[in-house]
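Read-outs throughout are calculated quantities, based only on the coordinates presented, and are distinct from any laboratory measurement. Because the structure is a prediction, the values reported are computed rather than measured. Here the Cβ positions follow ideal geometry from the backbone for every residue, glycine too, while neighbour counts run over all protein chains shown.
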Amino acid sequence: MEIASVIVDVPTKQTDRAFDYLIPEQWRGTIQPGMRVIVPFGPRHIQGFVVGLKTESEVTKLREIIEPMDLKPVLNQELLELGNWLTENTLCFKIFAFQVMLPAALKAKYEKKVRLANRRAAIELPSKLQAFFENDGELDWEEALKLGIGPMLQREAANGHLEVVYVVKERVRKKHRKFVRPTVSQYELEEALQSIPAKAEKQRQVLQYFLRHYDEVELKTLIDELKTSGSTIKALVEKRLLIEFDKEVYRDPFEHRKFERTKPLPLTDAQAQAIGPILQSIDKGLHEVFLLYGVTGSGKTEIYLQSIQEVIEKGQEAIVLVPEIALTPQMVHRFKGRFGDLVAVLHSGLSAGEKYDEWRKIQRKEVKVVVGARSAIFAPFENIGIIIIDEEHETSYKQEEMPRYHARDVAIERAKTYNCPVVLGSATPSLESFARAQKKVYQLLSLPNRMNNQDLPAVEIIDMREELRDGNRSMFSRKLFELLQDRLEKKQQTVLFLNKRGHSSFVMCRDCGYVVNCPNCDISLTYHRVNEQMKCHYCGYESNVPKNCPECNSEYIRYFGTGTQKVEEELGKILPEARVIRMDVDTTGRKGAHERLLSEFKDGKADILLGTQMIAKGLDFPNITLVGVLSADTMLHLPDFRASEKTFQLLTQVSGRAGRHQLPGEVVIQTYTPEHYSIELAGRQDFDLFYQREMLIRKLHHYPPFYYLALITVSHENLINVVSATEKMVNYIRSQVSDKAVVLGPAASSIPRINNRYRYQCLIKYKREPNLTQTLKTILDQYQKDTKSGLQVSIDVNPVILM
Ligand code: ADP
Ligand code: ZN
Ligand code: ZN
């Protein structure tokens, strides 16, 4: 095999295929698929992934690989195949599909060092190499290439003797610590102990320690544990009984936290029933998808933990996905508490170095469980026994840039390969998943009750139209104000929730709650300040803002929206004595700010926590007895067909924040449309009825889960170019698909201009269109090849956010 097929790191249409390169003589037999290599490309040297080896190529004059970047493959065969699957299913460049699976530290240029993989290797290495690694020495990879011993190192890496580490320079954290270990045998230690005089008691204690623990130990730990001193150790080092050395330790973000170990709880009947089929699937090695449907506090996490236990006992591995925002210390605690050091944690709060450390624990099989946000789905495990996705309805599982994958789809694809179950958990499942469960594509498991059998909090829905009629123009209803005062007096805490998201504004009548919708698409029209028009960004429908409300003739019809800052100001006026913590993108931008603000609130440093949806999750403090939702409408009228679903999920979730412990909770939801089913049913926490109502509407308007969607977004600096290009695409697609598909557009995107580029889109709704993927590829081909036109075209298959 002297030829390697390489996907090069040049993300363009023309280069989106494997290129053949000759493997230089010295590297033959060591370069393998899944390794990264440096290759010549035009006049440049660039990175690429080896995806295959072969003996022949159609190309006659092959160029040579310059050098490998890895000693061992960074992507295994399964992940390479998954990359192809991603490319096909999300229509992305191949190079993006491979890069998304690796931690950032491997993407950039970092210093690379070779070192011993284990102690035993020191004697098993060929003698020529041994000298480089004496005294835990490391060898610079560039250096090794210059010395011409690269291929030799690579063979030893394949034998498991050597490994490569990427040195990510971090400003603050130290990664080396001082360690001590005995240099002589246990027998010799024993002898030495006899010869040390009794008055050197401290030294004797240290030797006794090493007789009990004949292993290396961190210097600091040893000193703390034996209450001894550095000079005592020094003395023993001078006697050549011990040796001090530096060692890289993982930058464990949780290292200063103690995790109390927990044991599996005896399951309730409901839990036992729910876990049964999962355990069976694990035992039999069957791929099945389960939808674990249970309110917050119904014991889902305990089911995850015990399923994972079973998987670990079988010698397999588990991936647990949690939404980024819910990946709180509390959550991590539960997994670390049960499985200790067998857990790696991956989330965006980690530095590049920390992420790399966690990833390496997975690759080296030092852990059995990974808990992480979306990208953890690519954890390089090779014997997966279960994949769990908590809060499966969360939109953050979809990546909004190339590759536009949904973690749920990737999970199912990987689980098929490993013949293992996928468990999707939620109190408010996505309509897509619940519909699949109804059709028995997924197996539905239900946990209908909270563990503590406590009632869900009382929810009161306040009609803001009435407040206005009675002369209250403030953003707080009289009821909410009254309860806020009450909680201040009782020294209990309140969470105030304001949903503000996106850049869109809708037009609403403050007298009757009427919102202007598109007659074709059943989404609210978006208000455009520039020409004071309202537009539908699915189909392009336009209309003027009415002077009076078409429903009630009121003049109070205008666009709508309030920010957290404004609410904070008003709170200061009406409740000057209240201490308020505001949490939004402005106050939580810096690393750790989110956690710090939450813990201040937990410690009682404020009476009111005011924030956007980021506060909806993970809040579980005993003193919260009131939750207020200031305007449930802002999310309800987003120009997105999922607006009702999102509103229902969010209101259910925030309501669940009150009264989780002994103190009973109350929830106040303010709205201009109290009769809307998603608000009314969220108030009653009735998912089943909500599901039925929403499915009818989805069916009527040809939306998922009845239809699939594909969204094409086109942008250009010139408005005419965008419109005409989108128009052409729309016509082309119409000519290629069946008459059962609906092709909408061109329409202005809900954000019609970003960075001086106009944005138009085409939305395709379809059931079965075998030809569509090819049609979309053709469009991409054409426009991505034609870089001179300045048009940017992106395609999102199964989009989650349609704004
Ligand atoms: P969910 O993940 O659905 O929110 P949890 O698994 O967190 O629910 O359970 C809610 C609470 O009930 C937790 O405090 C948990 O420790 C406790 N719990 C769960 N299962 C049991 C059980 N079988 N016996 C006793 N307590 C339990
Ligand atoms: Zn009206
Ligand atoms: Zn429309």
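Dipole of region 1-155 (Lys/Arg Cβ +1, Asp/Glu Cβ -1, origin at the Cα centre): which of 27, 52, 133 lies farthest to the positive side?
Farthest towards the positive pole: 133.
Taking the alpha-carbon distance from residue 547 and a cut-off under 15 Å, which aspartates and glutamates remain once sequence neighbours fewer than 8 residues away in the same chain are dropped?
Hits, sequence-local ones excluded: 511, 532, 555.
Which semi-axes, in whole Å and largest first, does the equivalent ellipsoid of region 341-452 have when worked out from the alpha carbon gyration tensor as the square roots of 5 times its eigenvalues? Mind dumping the intermediate values first?
Values: eigenvalues 135, 51, 46 Å².
Here the semi-axes work out to 26, 16, 15 Å.
Taking +1 at the Cβ of each Lys and Arg and -1 at the Cβ of each Asp and Glu, which of 97, 672, 159 sits farthest along the dipole of the chain towards its positive end, judged by Cα position relative to the Cα centre?
So the residue furthest toward the plus end is 159.
Nearest 10 degrees is fine. How inclined is helix 186-195 to the longest principal axis of the chain, computing both from alpha carbons?
Computed tilt is about 70 degrees.
Quick one, can you get me the convex hull of the C-alpha atoms of the chain expressed as volume per residue in Å³? Spell out each step's value before the answer.
Values: hull volume 160.7 nm³, N = 803.
Roughly 200 Å³ of hull volume per residue.
Determine the sum of side-chain charges near residue 446: Lys and Arg each +1, Asp and Glu each -1, restricted to other residues whose C-beta is under 11 angstrom from that of residue 446. Display every interim value, and only then the final one.
On the way: positive: 300; negative: 688.
With Lys, Arg at +1 and Asp, Glu at -1, the neighbours total 0.
Would you mind calculating the gained length between residue 556 and residue 700 on full extension (0.36 nm times residue separation, minus the Cα-Cα distance), in nm to one decimal?
Contour length minus Cα-Cα distance gives 48.7 nm.
In nm, to one decimal, how far is the modelled label at residue 159 from the one at residue 768, with both set 7 Å along Cα→Cβ?
In this crude spin-label approximation the distance works out to 5.8 nm.
Hey, rough spin-label estimate for residue 595 and residue 675, points 7 angstrom out along Cα→Cβ, what's it come to in nanometres?
4.9 nm
Please get the size of the charge dipole for region 341-483, origin at its Cα centre, with Cβ charges of +1 on Lys and Arg and -1 on Asp and Glu, quoted in debye to the nearest 20.
Using only the charged Cβ atoms, the result is roughly 500 debye.
Do the alpha carbons of any pairs in 94/365; 284/365; 13/767; 239/365 sit beyond 30 Å of each other, and which pairs?
239/365
Where in region 697-714 does the label zone of residue 753 land, with the point 7 angstrom along Cα→C-beta and an amide N cut-off under 19 Å?
What the label zone holds, given the 19 Å backbone N cut-off, is 714.
What fraction of the DSSP beta bridges in the chain is antiparallel, stated in percent and rounded to the nearest 5? Mind showing how you got there, number by number?
Details: 70 of 120 bridges.
That works out to approximately 60 percent antiparallel.
What percent do you get for the relative contact order of region 15-89 when only Cα pairs under 8 Å and 6+ apart count? Spell out each step's value before the answer.
On the way: 95 pairs, mean separation 28.2, N = 75.
It rounds to 38 percent for region 15-89.
List the trypsin sites (Lys or Arg not before Pro) in region 323-384 that DSSP assigns to loop (not H, G, I, E or B) and whose Cβ has at most 16 other Cβ atoms within 10 Å. Which are they?
Details: sites: 334, 336, 338, 355, 360, 361, 364, 365, 368, 374; in loops: 364, 365, 368.
Sparse-neighbourhood loop trypsin sites (Lys or Arg not before Pro): 364, 365.
Could I have the simple spin-label model distance between residue 244 and residue 490, label points 7 Å from Cα toward Cβ, reported in nm to one decimal?
Calculated label separation equals 6.0 nm.
Determine the dipole magnitude for the chain: charges of +1 sit on the beta-carbon of Lys and Arg, -1 on that of Asp and Glu, nothing else is charged, the reference point is the Cα centre, and the result goes in debye to the nearest 20. Working shown, then result.
Details: 110 positive and 105 negative charges, 171 e Å.
That gives a dipole near 820 debye.
Work out, step by step, the length gained on full extension between residue 732 and residue 441: first 0.36 nm times the residue separation, then minus their alpha carbon distance; give nm to one decimal. If you can, show how the numbers build up before the last one.
On the way: separation 291, 0.36 × 291 = 104.76 nm, distance 3.43 nm.
So the extension gain works out to 101.3 nm.
Relative contact order for the chain: what percent, with Cα pairs under 8 Å and sequence separation of 6 or more?
Values: 1449 pairs, mean separation 78.0, N = 803.
This gives 10 percent for the chain.
Just order 119-127, 621-629 by mean Cβ neighbour count inside 10 Å, highest at the front, would you? Kindly include the intermediate steps, with their values, before the conclusion.
Working: 119-127: 12.7, 621-629: 22.3.
For the peptides 119-127, 621-629, the packing ranking is 621-629, 119-127.
Return the long-range amide H neighbours of residue 514 (sequence gap of 5 or more, or a different chain), with a cut-off of under 5 Å between placed amide H atoms.
Answer set, sorted by chain and number: 509.
Please identify the cysteines of the chain that lack any partner cysteine with a Cβ under 4.7 Å from their own Cβ.
92, 420, 539, 762
Please work out the C-alpha center-to-center distance from region 403-461 to region 9-50 and express it in whole Å.
Distance between centres, Cα-based: 41 Å.
Taking the highest mean first, how do the peptides 475-487, 545-557 order by number of other beta carbon atoms within 10 angstrom per residue? Intermediate values should be presented prior to the final figure.
Details: 475-487: 18.0, 545-557: 14.3.
Descending packing order for the listed peptides: 475-487, 545-557.
Shape of region 7-112 from its Cα gyration tensor (a ≥ b ≥ c, root eigenvalues): rounded if a/c is under 1.5, otherwise prolate when a/b > b/c, or oblate?
Working: a/c = 1.41, a/b = 1.20, b/c = 1.17.
Taking the square roots of the gyration eigenvalues as a ≥ b ≥ c, region 7-112 is rounded.
Which of the GluC sites (Glu not before Pro) found in region 337-410 are in a DSSP loop and have at most 10 neighbouring Cβ atoms, other than their own, within 10 Å?
Passing sites in region 337-410 are 401.
Set Lys and Arg Cβ to +1 and Asp and Glu Cβ to -1, take the dipole of the chain about its Cα centre, and tell me which of 301, 505, 456 lies farthest positive.
Looking along the dipole axis, the top candidate is 505.
Which order do peptides 345-352, 130-137 fall in by mean Cβ count within 10 Å, highest first? Display every interim value, and only then the final one.
Working: 345-352: 19.5, 130-137: 13.2.
Answer by packing, highest mean first, reads 345-352, 130-137.
Give me the dipole magnitude in Debye, nearest 20, for region 594-728 about the Cα centre, with unit charges on the beta carbon: positive for Lys and Arg, negative for Asp and Glu. Kindly include the intermediate steps, with their values, before the conclusion.
Working: 13 positive and 16 negative charges, 51 e Å.
Computed about the Cα centre, the dipole is about 240 debye.
What's the angle, to the nearest 10 degrees (0 to 90), between helix 593-602's Cα axis and the longest principal axis of the chain?
Once rounded, the angle reads 70 degrees.
Using the Karplus curve 6.51 cos²θ - 1.76 cosθ + 1.60 with θ = phi - 60°, what ³J(HN,Hα) values do you get for each residue of region 577-584, in whole Hz, with x for Gly and Pro?
Listing the rounded values in order: 7, 6, 8, 10, 10, 9, 10, 8 Hz.
May I ask which of 440/699; 112/416; 566/605 have a Cα-Cα span longer than 28 Å here? All intermediate terms of the calculation are to be shown ahead of the outcome.
On the way: 440/699 19 Å; 112/416 35 Å; 566/605 22 Å.
As for pairs spanning more than 28 Å Cα to Cα, those are 112/416.
What is the set of long-range amide H partners of residue 749 at a cut-off below 5 Å, with H atoms built 1.01 Å from backbone N?
Counting only residues 5 or more places away or on other chains, the set is 759, 760, 761.
If each DSSP helix of 4+ residues adds -39,500 (n - 2.57) and the sum is divided by the residues in the chain, what number results at 222 nm, nearest 500 deg cm²/dmol? Intermediate values should be presented prior to the final figure.
Numbers: 27 runs with 270 residues, N = 803.
My calculation for the chain gives -10000 deg cm²/dmol from helical runs alone.
Pulled fully out, how much extra length does the chain show between residue 142 and residue 548, if you take 0.36 nm times their separation in residues and subtract their Cα-Cα distance?
Details: separation 406, 0.36 × 406 = 146.16 nm, distance 7.35 nm.
Extra length from residue 142 to residue 548 when fully extended: 138.8 nm.
Measure nothing fancy, just the Cα-based angle from helix 643-655's long axis to the longest principal axis of the chain, in degrees from 0 to 90, nearest 10.
The angle comes out at about 70 degrees.
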